[in-house]
Amino acid sequence: MASFQTCTEVTALCPVQATTYGYYPNYGGNIFFAVFYGICGLFQLGFGIYFRSWTLMLALAVGTFLEMAGYIGRVLLNKNPWDSGGFKLQLVALILGPTFIAAGVYLTLKHIILSLGPEHSRLKPRLFTWIFIGCDVGSLILQAVGGGVAAAAGNDQPDIINAGNDIIITGIAFQVATMSVCGLLGLDFFLRYLRRNSGEKSAEQESGRTNIKLVIFADIVAYVTVLIRCIYRIPEMAGGWGNPLMKKEAEFLVLDGMMIALAVLALTVFHPGISLPSLRKGRQNTEAA
């Protein structure tokens, strides 16, 4: 039986159709994403150092560089679909990367609330990071364990592969639930803020709000796109390794690669450190702890 234990390259006995994905990953598309994430990762490091927004930098830079590593793994699979190292690299990196991006979304929301008025939030701003990033870490651990189990197993160990797959699905489902709750609390905050601030604003206030609106827009884009990616991953993984959905690269590149790329792009072009005082140059807000 063809597997990563018995195959090292595509041959008559080890056809590409027998690999987990059943295709040669698109070289141009995966190179594009690898380069894109690498550039964004460098920008995130630069912004993080300049603004001294260390926690946000850690989340977004690690997330983007993991995505870059994942697409490098897929480029290696283009050269040799039976490259077990490339398969394991892209499997683990692309499972874990979006979790760090989601942490950046939660952290940005916390500082938006601090800037607009914590009194409008039902949840104290500092709890957004404690609760949701804490849940994110739990999701990360589950997905890392599941990815490790699945990557260590061979095609001739279906029980171990399925066990790893189930752990990954649990982690992603937990992440979707966490993001859904955070989204509802964020929506509630904005509705309460708008109701209580519907009066006339001075030109100075309006000018200050313009910049933060861009950050809010970026955070919403990042939230929605990461959520779409996570929702897509559930049926993709639930069908088992090598299922028909997993063998459709176009859907993967759009619903995984492009969604996370849009999230990273939004949080890079409209970096939160530009408009959120509590993130800039290490200044501490009384609620920021």
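Considering only alpha-carbon pairs that sit under 8 angstrom and 6 or more positions apart, the relative contact order computed for the chain is 23 percent.
Note on the chain: with charges restricted to the Cβ of Lys and Arg (+1) and Asp and Glu (-1), its dipole about the Cα centre is near 980 debye. Amide H contacts of Arg52 (H built 1.01 Å from N, in plane; Pro and chain starts excluded): Lys281 sit under 5 Å, all sequence-distant by 5 or more or on other chains. Taking other C-beta atoms within 10 angstrom as a stand-in for reagent exposure, Glu9, Glu236, Glu67 fall in the order Glu9, Glu236, Glu67, fewest first. Taken over the chain, lysine pairs spaced eight or more positions apart, or on distinct chains, with alpha carbons under 18 Å apart number 7. Residue order for Cys7, Cys230, fewest other beta carbons within 10 angstrom first, comes to Cys7, Cys230. Taking only the Cα atoms of the range 45-130, the ratio Rg/Rh comes out at 1.18, with Rh defined as the Kirkwood radius.
In terms of other Cβ atoms within 10 Å, Ser278, Ser198, Ser180, Ser53 run from fewest to most in the order Ser198, Ser180, Ser278, Ser53. For the range 10-22, putting each phi into the Karplus relation 6.51 cos²θ - 1.76 cosθ + 1.60 with θ = phi - 60° gives couplings of 6, 9, 4, 7, 10, x, 4, 5, 8, 6, 4, 8, x Hz, in residue order, rounded to whole numbers and with x for Gly and Pro. By the helix-only formula, in which each DSSP H run with n ≥ 4 contributes -39500 (n - 2.57) and the sum is divided by residues, the chain has a 222 nm mean residue ellipticity of -24000 deg cm²/dmol. Take the Cα coordinates of the chain, assign each an equal point scatterer, and use the Debye formula without solvent to give log10 I(q)/I(0) at q = 0.09, 0.13, 0.14 Å⁻¹. Here the Debye-derived log intensity ratios amount to -0.46, -0.86, -0.96. Each residue of the range 159-168 is assigned a 3J(HN,Hα), and the resulting list reads 5, 5, 4, 5, 5, x, 4, 5, 5, 4 Hz, derived from the Karplus form 6.51 cos²θ - 1.76 cosθ + 1.60 (θ = phi - 60°), x at Gly and Pro.
Extension gain for Leu42 to Thr55 (0.36 nm times residue separation, less C-alpha to C-alpha distance): 3.1 nm. What the phi angles of the range 260-269 give under the Karplus curve with 6.51, -1.76 and 1.60, with θ = phi - 60°, is a coupling list of 5, 4, 5, 4, 5, 4, 4, 7, 9, 5 Hz, glycine and proline written as x.
Taking 7 Å steps out from each Cα toward its Cβ at Phe32 and Leu13 produces label points 3.9 nm apart. Between Asn162 and Tyr24, the simple spin-label model (points 7 angstrom out along Cα→Cβ) gives 3.4 nm.
Every read-out reported here was derived from the displayed coordinates using simple, explicitly stated rules and does not represent laboratory data. Just so we're clear, the structure is a prediction, and the values are computed from it rather than from any experiment. Neighbour counts run over all protein chains shown; Cβ positions are idealised from the backbone, glycine included.
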